[in-house]
Structures are given as C-alpha cells and as structure tokens.
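Peer 1: Take a look at this one; I'll ask things after.
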Amino acid sequence: MPIAVNAAKRKMLQGEMALGFQVYHLRSIATPLLAAASGYDFLFIDMEHGAFSMQEATQICIASIPTGVAPLVRVCTGALDEGTRLLDNGAMGIIVPHVDTAAQAKRIADAFHYPPAGTRSWGGPPALYGYQVSDVAQAQREINDEIITTVMIESPEAVRNAAEIAAVPGIDVLLFGSFDLTTELGIPGQMGHQKLIDAYQTVGEACRAHGKIMGMGGINDNEDAARYIAMGSRFVLTGSDHNYVIEGASAKAKFMRAQVNR
C-alpha cells in the first residue's frame, strides 16, 4: 500500500502557507473532518497543554489520514518516547516545545527518523501505510521524507541559537511559541513589540539560510499575524478549538440578541 501523503509539508516546501487547527478539547474522530471543512491543512493536537491521552491522540491521528489533513502532535518537553509512539500510530509529525540549542534539536531529529538519518526504532508496518509494508527500507526512507519535525523557539537563548538549530538535518520547522517568548523577553503578550519583531527577523533569516520553515504560534491579532506572515511564516496557527467555538458562538449570539432590540 502506498504511503499517505503529507500535503501540508509539501505545500510549505513549495513556499505556500499551511494552516493549523489547534486542538485542546475536541476528542471526537470528527475533528479532522471539521478541520478539513474549515479549510485547514493540519491538526495541531496539543498533549502539552491539552488533556489528551495517548489513545485519544492516536485515534484522532488515524482518523485524519484519509481526510488529507496532516495530524501533528505537540508532546511535552523531553517526551520523545511519546513522540515515536505517536508516529507509529498515525501522527505525521511531532512538535517539541522549549528547544534552546542545536544539541537538543539533533536529539529530537535523531529520535524521529529511521537510520541512517536517525535512530528511530521500527515497530512494524505503521498506520501511514495502512499497516501493510512490503519493502521496509523503502518505507523507512519515505516516512522520513513525509513526517514534519518541529522545534519550538520560546526563549531568547533559542533565538540566539536559531542559525545553529536551523542547520540541524531532519528539523523541518522552527515554530515560535510567541507567548512564552514574550514573557521571557519581559514583554508578556505584546505581540507587536519590537523585541518580538526582531526575534522573528532573526529566526526567519536562519530558516532562509538553511532551507527550513518558520512557524507562527500564539499570534491572534490580524495585524500582528499579517506582519509575521509577511516576514516569512508558512507554518501558521490561527487559534484553537475553544477560540473558534467562543468566537463563532459569540458572534451568532450577538446577532440574535440584537434582533429583539431593533
């Protein structure tokens, strides 16, 4: 059986933008269908701040594969064993938070890629092949190419080391955790502050120099989002399931209540 294609990764490699539907609360296998219907390219299933079990996360990943929406999962810092289990069970990529150095990035890249590109263990035919593999060597090469390995830039140290991190083979995306970064910069939540703009500039230059993708996370204001997309962000988070529900429901409630007072 041929491997499931990671359309989100291919879009970004062609210079296009991939939009991420961040999930904290939705546990249903309908989640990827909702993301697809809304025009998104990948799921960002959050096991760092959300309360997903491994079972819940992998079921959503498997349900995502036939929809064309790439299932990516954020694990906790250092939980590389969870990352490899998720990859074995449907995930098309792993996001690791709080990566500050090239050495940390290399450990992550090694863990999530099969030899000779890394040290990932073969656990049998994975979900991306419908659990049917005839040529293991070919399958390992193809999986290495399809998965997205993302490290999060969330500290001034990570920004300073951006060029070295971006140079690590096997790292695909350097994703800003903008809230944590602004906190560490002493400007919590100030997404238009020059310090954050400068950080995006530094990381963007590192990504362009090494053929990597810059990611934007935690930016909710449209003006700020437009700025950082113009600066080269192509892995783009637009908010999360609770934001989408509250914003949509609030807008509809406001409209309906206004009809009574016309």
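Peer 1: Answer rounded, prolate or oblate for the range 20-77, using the Cα gyration tensor with square roots of eigenvalues a ≥ b ≥ c: rounded when a/c is under 1.5, else prolate when a/b is larger than b/c, else oblate.
Peer 2: prolate
Peer 1: Here's a follow-up. What is the local net charge at Arg120, summed over the other residues whose Cβ is closer than 10 Å to its Cβ (Lys, Arg +1; Asp, Glu -1)?
Peer 2: -2
Peer 1: Can you return the aspartates and glutamates within cross-link range of Lys9? Criterion is Cα-Cα under 14 Å, with same-chain partners fewer than 8 residues away left out.
Peer 2: Correct list for Lys9: Asp41, Glu142, Asp145, Glu146, Asp172.
Peer 1: If we count other beta carbons within 10 Å of each Cβ, what is the order of Arg107, Arg160, Arg257, fewest first?
Peer 2: Arg257, Arg160, Arg107
Peer 1: On to the next question. Checking the cross-link filter: which lysines have an alpha carbon closer than 17 Å to that of Lys11, excluding same-chain neighbours under 8 positions apart?
Peer 2: Within reach: Lys212.
Peer 1: Based on the alpha-carbon gyration tensor of the chain, what equivalent-ellipsoid semi-axes (square roots of 5 times the eigenvalues) come out, in whole Å, largest first?
Peer 2: Ellipsoid semi-axes (Å, largest first): 30, 25, 15.
Peer 1: Another question about this same structure. Provide the convex hull volume over Cα atoms per residue for the range 151-245, in Å³.
Peer 2: Spelled out: Cα convex hull of the range 151-245, divided by residues, is 86 Å³.
Peer 1: Would you work out which of Gly211, Ala8, Ala167 lies farthest towards the positive end of the dipole of the range 7-260, given +1 charges on the beta-carbon of Lys and Arg and -1 on that of Asp and Glu, about the Cα centre?
Peer 2: Towards the positive end, the residue furthest out is Ala8.
Peer 1: For the chain, list the DSSP H helices whose alpha carbon atoms reach 18 Å or more along the long axis and whose average Kyte-Doolittle value is -0.5 or above?
Peer 2: 194-210, 241-260
Peer 1: Here is a follow-up. Which residue fluctuates most in the GNM of the chain (Cα springs below 10 Å): Ala51, Ala91, Ala249?
Peer 2: Ala249
Peer 1: Could you give the size of the charge dipole of the chain about its Cα centre, using +1 on the Cβ of each K and R and -1 on the Cβ of each D and E, expressed in debye and rounded to the nearest 20?
Peer 2: For the chain, the charge dipole is close to 620 debye.
Peer 1: Using +1 at the Cβ of each Lys and Arg and -1 at the Cβ of each Asp and Glu in the chain, identify which of His242, Pro116, Ile95 lies farthest towards the dipole's positive end.
Peer 2: After comparing all options, I get His242.
Peer 1: Percent of alpha carbon pairs in the range 146-188 separated by more than 17 Å?
Peer 2: Everything past 17 Å amounts to 33 percent.
Every number here is computed from the coordinates shown, using simple stated rules; none is lab data. Predicted model, so just to flag it, every value in this text is computed and none were measured. Here Cβ is always computed from backbone atoms with ideal geometry, including for glycine, and neighbour counts include all displayed protein chains.
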